[in-house]
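Enquirer: Would you mind keeping the following structure in view while I ask a few things?
The values are calculated or read from the model by the stated rules, or taken from the named source; none is laboratory data. Small disclaimer: the values here were computed from a predicted structure and weren't measured. Cβ coordinates were reconstructed from backbone atoms using ideal geometry, including for glycine residues, and neighbour counts include every protein chain displayed.
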């Protein structure tokens with residue numbers, strides 16, 4: 001059965017300030033959606049809210065994922081249900097290697113499914129991680145490095161994609177994964193996403209710029225403004241934005257832009 | 001002056017807390033109740049040779065000349081001795097020790113590699129088990145209990161006892177020397193390399209325990225030695241341990257010393273420990289403090305010869321009402337000496353830790369290189385860590401750096417780990433494990449690491465007012 005993430009009239013506040021003002025969106029496994037919009041319109045707020053960050057307070061609406069009320073779940077439960085967030089600013093966890101961390105995350109999944117599970121055998125895990133690193137053209141020494149600690153911007157984003165590849169989500173939200181990357185890093189990261197997106201994974205690619213969409217071809221493009229999705233269309237909507245910027249959107253939805 | 005002082009973010013400086021409670025008089029009598037006759041009886045019970053009995057009596061005199069430390073003594077500002085009922089402590093060696101349970105087998109497993117050159121377990125002052133490689137004995141290595149050594153190796157013990165820690169250094173040094181009821185003596189002769197590690201366990205099962213560890217490496221000798229100080233878990237009656245640890249590391253000798261403290265949460269633990277290292281000597285000293293109710297530990301390295309190297313790595317994890325106070329000093333008394341200290345600790349519940357460190361560079365100790373860092377992870381609102389680094393540099397061509405930090409678990413870290421499917425308690429444990437990783441890297445002995453990781457797991461899993 002195809003997994004569906006459905007966002008219904010979602011309202012979210014941060015520190016009592018309303019940011020999302022009624023977001024509606026439906027992402028299915030196997031689809032790639034791009035969510036675009038000027039800075040400060042609530043794109044990252046949507047990403048954090050979907051993952052359950054404690055600072056983002058839902059004041060109205062619903063999010064249903066695989067028939068489950070997502071908002072009732074803790075972040076770890078959301079992850080184990082098949083949701084993934086690639087962070088715009090992943091934090092460094094000193095002293096914890098990429099490999100150890102991923103093994104802990106995989107084992108948490110196995111143990112949630114079966115409390116008696118002994119954890120993934122180390123040889124099997126090594127093989128799995130090696131395959132994922134090869135697929136994403138990540139050098140093997142990545143596995144032994146402390147998670148995001150001293151990573152360059154590009155390495156951090158690649159580490160996010162490696163985590164995504166290893167955890168095998170059904171719906172992935174990529175929060176400005178393209179920001180801060182040079183064109184080569186962008187291409188490598190985008191290729192990684194393309195390898196993973198397919199019948200088994202749906203993606204919501206949040207971006208400010210159109211350029212990542214030269215590499216990742218979305219089925220649908222949404223434009224967010226003032227905490228709502230104001231336009232949805234096919235891939236050429238992104239090209240339209242590239243040519244004309246966001247001004248025409250602001251003009252068209254002046255009220256919302258000023259809200 | 002090429003003194004390079006690099007402080008880490010969020011330094012913690014000494015704070016002065018003045019409350020009326022600090023000035024309150026302790027309940028009298030603020031002293032042990034033992035008489036000169038008791039000390040004589042102790043000497044007899046321990047079968048002291050005459051010279052040791054004299055040392056004991058001299059230390060007992062010293063003990064009485066030093067008042068019990070108060071909060072207005074600089075080194076004792078943060079550790080309050082008043083709640084302990086000193087006059088109720090007994091001399092265990094004078095009492096029958098029938099019905100003592102054996103040392104738990106968990107403490108008798110080798111912690112470094114699979115094989116050991118020797119193991120010595122002392123339970124409540126009495127040797128419970130011993131094993132020592134005959135080939136090492138033939139090479140002149142001595143590894144035995146202190147009482148036996150004082151008789152069979154009188155000349156050696158006499159020569160080195162008190163070389164590193166003197167009875168007049170403080171109340172508890174005098175206490176430990178005068179009231180000693182058990183101890184360990186390890187001697188490695190010149191140029192002897194002990195390939196297999198040695199292991200000793202002081203199981204402090206008696207109501208009070210006074211111990212001494214004396215380790216001597218002659219020129220060019222080398223050994224890895226794991227020493228454990230532990231006592232029954234779950235005991236509740238307040239109990240006293242005072243101890244001395246002396247490490248004498250000769251010219252170009254190399255000592256790896258791992259010291260694990262797992263005393264019960266009822267124990268008040270006081271130690272004076274010092275290593276003296278000769279020219280070209282190498283000392284790799286690992287401390288772990290898991291247990292005790294109160295610990296006040298003075299640990300110093302004296303780098304007395306050109307090119308000496310000393311590393312101190314400390315691990316502590318306090319919970320409940322534990323109070324762990326470590327006072328460290330790195331003394332660069334000679335040129336080209338290097339010291340490197342890293343103490344890392346976590347605290348939960350309403351526990352408290354104190355680390356006060358000093359790097360001292362003597363006049364003329366040029367090209368000395370000293371480093372000290374103390375990092376604390378405070379896991380609850382009511383726990384508190386005090387971290388007080390210090391430098392005293394009297395030479396002008398040295399490099400000394402230090403840093404001290406007290407941090408909390410960051411919610412952003414926990415959220416990030418949880419977003420990958422890891423439940424909150426496990427996410428917290430991942431961050432704590434990561435915090436301790438730099439210490440584990442320095443320890444490099446799998447068995448010791450496993451023991452410390454187990455203690456982290458146990459302490460993290462314990463229910464209580466963790467948050």
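Residue by residue, here is whether (1) at pLDDT 90 or above; (2) within 19 Å of residue A:128 (Cα to Cα) holds:
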residue: A:143; (1), (2): yes, yes
residue: A:149; (1), (2): yes, no
residue: A:179; (1), (2): no, no
residue: A:185; (1), (2): no, no
residue: A:192; (1), (2): no, yes
residue: A:198; (1), (2): no, no
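Enquirer: Would you pick out the residues in region B:145-165 that are surrounded by fewer than 21 Cβ atoms within 10 Å (Cβ to Cβ), more than 22 Å from the chain's Cα centre (by Cα) and in contact (Cβ under 8 Å) with a residue 40 or more places away in the chain?
Expert: B:151, B:154, B:156, B:158
Enquirer: When region A:59-81 is examined, which residues are found to be closer than 17 Å to residue A:4 by Cβ and facing chain B (nearest Cβ under 10 Å)?
Expert: A:78, A:81
Enquirer: Looking at (1) surrounded by 21 or more Cβ atoms within 10 Å (Cβ to Cβ); (2) touching a helix residue (DSSP H, G or I) at 6+ places or on another chain (Cβ under 9 Å); (3) within 14 Å of chain A (Cβ to nearest Cβ); (4) in contact (Cβ under 8 Å) with a residue 24 or more places away in the chain, which is the only condition residue B:356 fails?
Expert: Among (1) surrounded by 21 or more Cβ atoms within 10 Å (Cβ to Cβ); (2) touching a helix residue (DSSP H, G or I) at 6+ places or on another chain (Cβ under 9 Å); (3) within 14 Å of chain A (Cβ to nearest Cβ); (4) in contact (Cβ under 8 Å) with a residue 24 or more places away in the chain, the lone unmet condition for residue B:356 is (3).
Enquirer: Check whether at least one residue in region B:384-391 is away from chain A (no Cβ under 14 Å), out of contact with any strand residue (DSSP E or B) (no Cβ under 9 Å at 6 or more places or on another chain) and either assigned to a strand (DSSP E or B) or closer than 30 Å to residue B:361 by Cβ (or both), and report yes or no.
Expert: No, every residue in region B:384-391 fails to be away from chain A (no Cβ under 14 Å), out of contact with any strand residue (DSSP E or B) (no Cβ under 9 Å at 6 or more places or on another chain) and either assigned to a strand (DSSP E or B) or closer than 30 Å to residue B:361 by Cβ (or both).
Enquirer: Residue A:46 - would you say it is touching a strand residue (DSSP E or B) at 6+ places or on another chain (Cβ under 9 Å), away from chain B (no Cβ under 13 Å) and not in a strand (DSSP E or B)?
Expert: Considered against the rule, which asks whether it is touching a strand residue (DSSP E or B) at 6+ places or on another chain (Cβ under 9 Å), away from chain B (no Cβ under 13 Å) and not in a strand (DSSP E or B), residue A:46 comes out as yes.
Enquirer: Would a scan of region B:380-400 turn up a residue that is closer than 21 Å to residue B:318 by Cβ, touching a helix residue (DSSP H, G or I) at 6+ places or on another chain (Cβ under 6 Å) and buried (at least 19 other Cβ atoms within 10 Å of the Cβ)?
Expert: So far as region B:380-400 goes, no, none of its residues is closer than 21 Å to residue B:318 by Cβ, touching a helix residue (DSSP H, G or I) at 6+ places or on another chain (Cβ under 6 Å) and buried (at least 19 other Cβ atoms within 10 Å of the Cβ).
Enquirer: So which residues in region A:85-105 are at pLDDT 95 or above, more than 8 Å from chain B (Cβ to nearest Cβ) and over 24 Å from residue B:441 (Cβ atoms)?
Expert: A:86
Enquirer: Working carefully through the options A:37, A:42, find the one that is in contact with a helix residue (DSSP H, G or I) (Cβ under 8 Å, 6 or more places away or on another chain) and buried (at least 22 other Cβ atoms within 10 Å of the Cβ).
Expert: A:37
Enquirer: Could you grab me the full set of residues in region B:232-249 that are surrounded by fewer than 24 Cβ atoms within 10 Å (Cβ to Cβ) and either modelled with pLDDT of 95 or more or closer than 18 Å to residue B:301 by Cβ (or both)?
Expert: The answer is B:246, B:248.
Enquirer: Here is a follow-up. Looking at (1) part of a loop (DSSP other than H, G, I, E, B); (2) at negative phi; (3) at pLDDT 95 or above, which one does residue B:202 not meet, given that it meets all the others?
Expert: Here residue B:202 clears every test but (1).
Enquirer: In region B:298-318, what residues are touching a helix residue (DSSP H, G or I) at 6+ places or on another chain (Cβ under 6 Å) and either surrounded by fewer than 24 Cβ atoms within 10 Å (Cβ to Cβ) or more than 30 Å from residue B:380 (Cα to Cα) (or both)?
Expert: Result: B:313, single match.
Enquirer: Of all residues in region A:146-168, which are in contact with a helix residue (DSSP H, G or I) (Cβ under 7 Å, 6 or more places away or on another chain), surrounded by fewer than 22 Cβ atoms within 10 Å (Cβ to Cβ) and more than 12 Å from chain B (Cβ to nearest Cβ)?
Expert: Hits for region A:146-168 are A:151, A:154.
Enquirer: Exactly one of these conditions fails for residue B:416: (1) surrounded by fewer than 18 Cβ atoms within 10 Å (Cβ to Cβ); (2) over 28 Å from residue B:258 (Cα atoms). Give me its number.
Expert: Of (1) surrounded by fewer than 18 Cβ atoms within 10 Å (Cβ to Cβ); (2) over 28 Å from residue B:258 (Cα atoms), only one is false for residue B:416: (1).
Enquirer: Also: Which residue, of B:42, B:71, B:91, is touching a strand residue (DSSP E or B) at 6+ places or on another chain (Cβ under 8 Å) and in contact (Cβ under 8 Å) with a residue 40 or more places away in the chain? Walk me through how you get there before you give the answer.
Expert: Numbers: B:42 fails: touching a strand residue (DSSP E or B) at 6+ places or on another chain (Cβ under 8 Å); B:71 fails: touching a strand residue (DSSP E or B) at 6+ places or on another chain (Cβ under 8 Å).
After applying the criteria, what remains is B:91.
Enquirer: Taking region A:189-213, which residues are more than 23 Å from residue A:41 (Cα to Cα) and surrounded by fewer than 18 Cβ atoms within 10 Å (Cβ to Cβ)?
Expert: Listed by number, the residues that qualify are A:191, A:194, A:195, A:198, A:199, A:200.
Enquirer: Ok, one more. Would you confirm whether any residue within region A:169-179 is more than 10 Å from the chain's Cα centre (by Cα), surrounded by fewer than 23 Cβ atoms within 10 Å (Cβ to Cβ) and without any contact (Cβ under 8 Å) to a residue 60 or more places away in the chain?
Expert: Checking region A:169-179: not a single residue is more than 10 Å from the chain's Cα centre (by Cα), surrounded by fewer than 23 Cβ atoms within 10 Å (Cβ to Cβ) and without any contact (Cβ under 8 Å) to a residue 60 or more places away in the chain.
Enquirer: Restricting attention to region B:240-278, which residues are in a strand (DSSP E or B) and within 22 Å of residue B:459 (Cα to Cα)? Outline the logic, then answer.
Expert: Within region B:240-278, the first condition is being in a strand (DSSP E or B), and the residues that meet it are B:240-249, B:254-262, B:267-277.
Listed by number, the residues that qualify are B:258, B:259, B:260, B:261, B:262, B:267, B:268, B:269.
Enquirer: How about region B:408-422: which of its residues are at the interface with chain A (Cβ under 7 Å from one of its Cβ atoms) and touching a strand residue (DSSP E or B) at 6+ places or on another chain (Cβ under 7 Å)?
Expert: B:419
Enquirer: Could you say which residue among B:262, B:292 is under 15 Å from the mean Cα position of the chain (by Cα) and at positive phi?
Expert: Values: B:262 fails: at positive phi.
The conditions single out B:292.
Enquirer: Residues in region A:22-38: is at least one within 14 Å of chain B (Cβ to nearest Cβ) and closer than 24 Å to residue A:209 by Cβ? Break it down stepwise before answering.
Expert: Keep residues of region A:22-38 that are within 14 Å of chain B (Cβ to nearest Cβ), which gives none.
Within region A:22-38, not a single residue is within 14 Å of chain B (Cβ to nearest Cβ) and closer than 24 Å to residue A:209 by Cβ.
Enquirer: Give the number of residues within region B:425-444 that are over 27 Å from residue B:258 (Cα atoms), without any contact (Cβ under 8 Å) to a residue 24 or more places away in the chain, more than 7 Å from chain A (Cβ to nearest Cβ) and surrounded by fewer than 23 Cβ atoms within 10 Å (Cβ to Cβ).
Expert: 0
Enquirer: Residue A:220: modelled with pLDDT of 90 or more and surrounded by fewer than 20 Cβ atoms within 10 Å (Cβ to Cβ), yes or no?
Expert: Yes.
Enquirer: OK, next. Mind checking whether some residue in region A:123-130 is crowded, with 20+ Cβ neighbours inside 10 Å and in contact (Cβ under 8 Å) with a residue 40 or more places away in the chain? Reasoning before the result, please.
Expert: We begin by selecting, within region A:123-130, every residue crowded, with 20+ Cβ neighbours inside 10 Å; these are A:129.
Still in the list and also in contact (Cβ under 8 Å) with a residue 40 or more places away in the chain: none.
No, region A:123-130 contains no residue that is crowded, with 20+ Cβ neighbours inside 10 Å and in contact (Cβ under 8 Å) with a residue 40 or more places away in the chain.
Enquirer: Also, I was wondering about something else. Applying the selection to region B:408-467, what residues are in contact with a helix residue (DSSP H, G or I) (Cβ under 9 Å, 6 or more places away or on another chain) and part of a loop (DSSP other than H, G, I, E, B)?
Expert: Hits for region B:408-467 are B:409, B:410, B:419, B:420, B:421, B:422, B:423, B:466.
Enquirer: If residue A:56 passes every condition in (1) free of Cβ contacts under 8 Å to residues at least 60 places away in the same chain; (2) within 8 Å of another protein chain (Cβ to nearest Cβ); (3) within 17 Å of the chain's Cα centre (by Cα) but one, which one does it miss?
Expert: (2)
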